[in-house]
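The values are calculated or read from the model by the stated rules, or taken from the named source; none is laboratory data. Quantities reported herein were computed from a predicted structural model and do not represent experimental measurements. Positions of Cβ are generated from backbone atoms using ideal geometry, with glycine treated the same way; all protein chains shown enter the neighbour counts. The protein model used for the area step is the full one, side chains on, heavy atoms only, and it has no ligands, DNA or RNA in it. Shrake-Rupley method; radii C 1.70, N 1.55, O 1.52, S 1.80 Å.
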Amino acid sequence: MDFNITAGEEAVVFHVASLVQDGLSPTDDDLAKELGEEVRPVLQALLGKGWLVVDEDRELALSTIARHVVSSRRDAEGPPA
């Protein structure tokens, strides 16, 4: 896993995490509709770096390590104001 991600990639990771937490299973097409086609190379980079995984239905999820990183970051930030 490559822990060096850009701010834009990090924003996408947290967005996917939020969608999954809400019970959704987004695909690349769903995110492209929501965020624009420019998200596709970001998704590809995150897949290559091991932050995202994709299943046979093309649904995106965070990798096990990415879930831990996101959870740890949220715990460190504390509850929203």
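With a simple spin-label model that places each label point 7 Å from the Cα along the Cα-to-Cβ direction, the separation between A7 and R67 comes to 3.0 nm. Which FRET efficiency value, to the nearest 0.05, do you get for E37 and D57 by plugging their Cβ-Cβ distance into 1/(1 + (r/R0)^6) with R0 = 22 Å? E(calc), rounded to 0.05, equals 0.60. Summing Cβ point charges (Lys, Arg +1; Asp, Glu -1) relative to the Cα centre of the chain gives a dipole of roughly 300 debye. Between the amide H of L52 and those of L47, S63, distances stay under 5 Å, these residues lying 5 or more places away or on another chain, with hydrogens modeled in the peptide plane.
Only protein heavy atoms count here; on that basis, with a 1.4 Å probe, D55 has an accessible area of about 60 Å².
Rolling a 1.4 Å probe across all protein chains gives F14 an accessible area of roughly 50 Å². For log10 I(q)/I(0) by the Debye sum over Cα atoms at q = 0.11, 0.20, 0.25, 0.26 Å⁻¹, the candidate list reads (i) -0.24, -0.80, -1.24, -1.32; (ii) -0.46, -0.93, -1.18, -1.23; (iii) -0.26, -0.88, -1.34, -1.43; the entry that matches the value derived from this model is (iii).
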